[in-house]
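Step one of this worksheet: look at the structure below.
Just so you know, all these numbers are worked out from the coordinates, no wet-lab data involved. Worth saying up front: this structure is predicted, and the values here are computed from it rather than measured. All Cβ positions, even for glycine, are placed from backbone atoms using ideal geometry, and neighbour counts span all protein chains on display.
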Amino acid sequence: MAGIWMRFHELIRGARLDGELDDEVGLHLQMMEEEFRRRGMSEAEARAAARREFGGVAHAKEAYRDQRGFPRLESFAKDVRYALRGLRRSPGFTAAAVVSLALGIGANTAIFSLFHTLMLRMLPVAHAEQLVAIHRTGGWGTGTVSLPLYREIAGRADLFNGVLATGGVAKVRFVAAAGGRDEFAQQEFVSGNYFQVLGIQPVIGRLFTGEDNRVPGGHPLAVLSYDLWRNRFGADPAVLGRNVIVDEQLLTVIGVAAPGFHGVAPERHTDIWVPAMMTHFGQAMSPNMWWLMPLARVRPDVPVQRVRAALDVLMQQHLRTIYGRSYDSAMRKKAIEQRLEIREGSVGLSMLREHFGKPLGVLLALVALVLLAACINVANLLLARGAARQKEIAMRLSLGATRARLVRQALTETLLIAAAGTAVGIGLAACGVRVIASFLPEEAGNPFSSAPDLPVLGFTIAISAASALLFGLGPALRSTAVNPAAGLRSGGLDRAGRPMLRRVLVVAQVAFSVVLVAMAGLFGHSLLAMRSVDLGFRNQSVIAFSLDLPRLWKGNLRQAQDQLMKTLAATPGIYSVSCAFPGLFGGGSSDATIRVPGSERTAMEPVDVDVAKIAPRYFETIGAALKGREFDRNDTATSPKVAVVNEAFVREFLPGEAHPETRWLSFDDSKPEGGSRTSIVGVVRDIRQDGIQQKIAPRVYTPFGQGDDPTFPPDTLVRTALPLAAVRAAVLRELPKLGAGTAVAEWGTVRQRIDDSIFETRLLATLGGFFGVLALLLAAVGLYGVMSYGMAKRAGEIGIRMALGARRADVVGMVLGDALLLVAAGLILGFPLAWAAARAVHSLLFGIAAVDPLAFGGTGAVLIVVALGAAFLPARRAASIDPMRALRHE
Amino acid sequence: MSTREAKTDILQGTLDLMVLRTLATMGAQHGFGLAQRIQQISGGMLDLNQGTLYPALLRLEHRGWIRSRWGVSGNNRRAKFYEITAAGRRQVERESEDWARTVAIMDRFERLTEME
């Protein structure tokens, strides 16, 4: 112990101790001299003898100092100081290395943090690895099951040690105390056994049991998350038994869940759990209402194969019981084709993962390539630096420095570069995450952890360390492999004279760029293809929103909607106002079975078609071409029933009919010839209103003013030249007149909704493009470096050529040709890689082939242009060499 | 030069024992004094670079076997004096035993050669 304190003391007081050592050694020599003088030597002899007896004074002192303090630490500190000095001396190199590394590490960290949350992070529950998600495929929507089906699955104790169900997480209004103000909270409807199956304990109070989820509407209970309890209730234990209002229901708080548990969806944070029986769905018990997602704990003794087979049987029996006698054969077929899939459940249930998981994986792979390219870039810069320092290194070797020491010093430098790159990269990652977040639609949830994630930080440090080793070790070994004698001779660049390694690295860089640029091209082209899909309507800047009405609202929806539209239509600057359900890119669907008299298609049995209720001027507002007439204010509940159909409807039911507006259809499907008439008054172009990739299907539009009262607030659509905020203000002014508690939901332009619907493609194209540009920049820097270095090496040769009559154009051509050679090698290596990558991402592309000529041809062209650009400066420099000067230098 | 050939290089690790033993019997010494004593005791048979003494002293101090302090030498000069600690004395005992054992073993081998 005393030794360590002494060493610390030595570490801190190094300079003073140096002085003491000098004194001590000086005294020793002096005493020796005196001793020798006493024996009769002359002063000079005595001094020489003393020195001889003592041995090397400097050596002794050095050996002493080497032992003092913490020798390794001190030599490391010395290396760090030395490296810092060196880096400060060449700011261009330092900046290039740190920035390229920071971009690579930052991009990786940002993508990985998202990937980790969505794909890798285990639920914080006991034995998460036993969990499986039971996922319905086919039919209507995917993922969810009905309550009766869930009960059948949950009853299979021979397969599962418990099956929970969740209705998903939704943002709802929340009042923490009676009379308190309205806030928002994330609510999750869950089965009674939810917490038991997951093995979550309460912090205070109790959690739900099966008894708390028996009777529809009969369990007004709530469990709070630890975070909500702490942030909103100050962690007050008196919260138990208190009443809160959640989505307009009065609930009693019975407990608080363990800290760190936020529900089973990685991209959401549940604040309040409520028994599923408290749902507002009128048809919650119906076998046709798909709204629950099951998560099951598989019995350890049951192989997954058996679970899968058992679920297949269960599902088939279930579907046949319910749909077996359905008279609509198309619907029967669609229903019976549904299946239950077993999926990994340890990472939770995520809707976002469903469609964003694969793009995220692709991004992670691309970003790894970017980091590799960045590492190669830094390695190349280091090699160039090493070559420039050969003389210095040769000098130090000949002065007695060991190679190991020099390698250690070089590695210290790379360590500093990596550390700086990591620090800057973590900052960049924060920006990157914000950029990605701006692409995600609000309803996608929030997969970004607010607190720094330890595994993510670990990942970042690991990739930084791996990169440092990757780009640092080679150059360190290479640049210290110098023969001191040869290195000190003039010129002294014999080994670096053939920068073969650097050329190979540049070729690799070009190959990576080919992959990244080709991917950027594919995703960019794919996005363009999506953008150019004809949606059937022109006015994407139309503002869309819907009324958000309190559940206890007693007004008449149709009247309120009409009043709102009337007020808005009278506002100056607003051209037209309409409404529709379902609207544009707003989700929601509505269908009905019809007969079309005279159509063979419905002669035998009625057919299910999409329907929409629209107000007057709908097609004018959204800019859709129409033959015939739109609905107007005369189409009321008492006037004759009318409909507008789309072109697909005519193709399907009235093929070859020149005047569809003379025909009629019937929503009364009991008789082949139909019941009450609904006259077709117009034919509108096919409108893709649910998504760009939506398949065109027959649709019937009916007037908002006719038929049953609407059950959901429709999409209100406003065509205007006013800014969004002005329209919003007009809407907010009108809201109080419609009743207390009314609000606006899903506010924005239709263009924003379309963007949200293709956010994965937009993100892939944007980030892919960014990575592609980054890779090109790195490749350009690499090429430029190698070309100008090669130029400097060959200055003498070029001088001779020019003296012998070569023209400037020849010299330029020679250098450019050399650059093209490197790019050609990179292209030859890169294209097969890019082709393989393109095949892997094929399912993410829209409207183009995996081997897209535009993307691949463009990649080749871009790389050649970049290569020529990067080589142009060195080429011009080469061409302006003065032959006399170059030869004299030689 | 001829005397030099008769001198023996210090065996690895034996310098520590020499220093400790000298300090244990002679009391506190400064560096030069210690070097003189070692040379005297060895009868001038050792080829000791006196400079190597200082790293050795630091090493022993790190281990807590000796300690140092600045004092005044015989002719009124400031010098650093080294003295053995209690731990150092224990170490001397241990090493002396080891050394005796090693010598005894080597001795047996030497005699074996004589017998042949």
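Sorted ascending by nearby beta carbons within 10 Å, beginning with the fewest, A:Val302, A:Val611, A:Val190 become A:Val302, A:Val611, A:Val190.
How high is the FRET efficiency from B:Arg90 to B:Gln40, r the C-beta distance, R0 25 Å, rounded to 0.05?
For R0 = 25 Å, the calculated efficiency reads 0.45.
Which of the peptides B:68-80, A:390-402 is most tightly packed, and how do the rest follow, judged by the mean count of other Cβ atoms within 10 Å per residue?
Working: B:68-80: 12.6, A:390-402: 15.5.
Going from most to least packed, we get A:390-402, B:68-80.
Inter-chain Cβ neighbour count for A:32-39, averaged per residue, equals 1 (cutoff 10 Å, partner chain atoms only).
Between A:Arg651 and A:Asp548, full extension at 0.36 nm per residue minus the direct alpha carbon distance yields a gain of 33.3 nm.
Among A:223-236, A:70-83, how do they line up from the highest to the lowest mean number of other beta-carbon atoms within 10 Å?
Details: A:223-236: 18.4, A:70-83: 13.8.
In descending order of packing, they fall as A:223-236, A:70-83.
Of the GluC sites (Glu not before Pro) found in region A:576-633, not one falls in a DSSP loop while having at most 16 other beta-carbon atoms within 10 Å.
Rounded, prolate or oblate for region A:514-619? Axes are the square roots of the Cα gyration tensor eigenvalues, ordered a ≥ b ≥ c, and the cut-off for rounded is a/c under 1.5. Verdict is oblate for region A:514-619. Could you check the simple spin-label distance between A:Ala365 and A:Arg230, using points 7 Å along Cα→Cβ, in nm with one decimal? For the pair A:Ala365/A:Arg230, the computed spacing is 4.0 nm.
FRET efficiency for the A:Ala603 to A:Ala388 pair, using the beta carbon distance and R₀ = 56 Å, is estimated at 0.05. Note the angle between two axes, namely the Cα long axis of helix A:403-439 and the longest principal axis of the Cα atoms of chain A, as a number of degrees from 0 to 90, rounded to the nearest 10. Orientation of helix A:403-439: about 20 degrees from the principal axis. Each 5 Å bin from zero up to the one holding the largest Cα-Cα distance in region A:144-284 carries the following percent of pairs: 2, 10, 20, 25, 21, 13, 6, 3, 1, 0. Checking every one of the GluC sites (Glu not before Pro) in region A:311-368 against DSSP loop status and a limit of 14 other Cβ atoms within 10 Å picks out A:Glu337.
Peptide A:274-283 has a mean of 0 when you count, residue by residue, the C-beta atoms of other protein chains within 10 Å of its C-beta. Taking 0.36 nm per residue of separation and subtracting the current Cα-Cα distance, fully stretching the chain between A:Val773 and A:Asp22 would add 264.3 nm.
Among bridges DSSP assigns within chain B, what percent are antiparallel (round to 5)?
Working: 9 of 10 bridges.
Percent antiparallel among DSSP bridges in chain B is about 90.
The peptide list A:45-54, A:750-759, put in order of mean Cβ contacts within 10 Å with the highest first, becomes A:750-759, A:45-54. Remark: relative contact order (chain A) = 14 percent; criterion is Cα-Cα distance under 8 angstrom and separation of 6 or more residues. Run through region A:248-328 and list the trypsin sites (Lys or Arg not before Pro) located in a DSSP loop whose Cβ has at most 14 other Cβ atoms within 10 Å. Of the trypsin sites (Lys or Arg not before Pro), the ones in loops of region A:248-328 whose Cβ has at most 14 other Cβ atoms within 10 Å are A:Arg325. Per-residue mean of foreign Cβ neighbours for B:34-46 is 1 (Cβ atoms of other chains, 10 Å radius). Put in order of Cβ neighbour count within 10 Å, fewest first, the listed residues A:Met331, B:Met18, A:Met565, B:Met106 become B:Met106, A:Met331, B:Met18, A:Met565. Sorted ascending by nearby beta carbons within 10 Å, beginning with the fewest, A:Phe459, A:Phe184 become A:Phe184, A:Phe459. For a paramagnetic label modelled on A:Arg206 (point 7 Å from Cα along Cα→Cβ), amide N atoms under 16 Å away belong, within region A:217-248, to A:219-224, A:240-242. Distance between the 7 Å Cα→Cβ label points at A:Arg538 and A:Arg72: 7.6 nm. Shown here is the pair-distance distribution of chain A: with all Cα-Cα distances grouped in 20 Å bins from zero up to the longest one, the shares run 11, 31, 30, 18, 8, 2, 0, 0 percent.
On a 0 to 90° scale, report how tilted helix A:2-12 is relative to the longest principal axis of chain A, with both axes built from alpha carbons and the result rounded to the nearest 10. That helix lies at roughly 90 degrees to the long axis.
Each of A:Arg888 and A:Ala792 was given a label point 7 Å from its Cα along the Cα-to-Cβ line. The distance between the two points is 2.1 nm.
I want the antiparallel fraction of DSSP beta bridges within the protein assembly as shown, as a percent rounded to 5. Before the final figure, lay out the partial values.
On the way: 71 of 90 bridges.
Antiparallel bridges: around 80 percent, rounded to the nearest 5.
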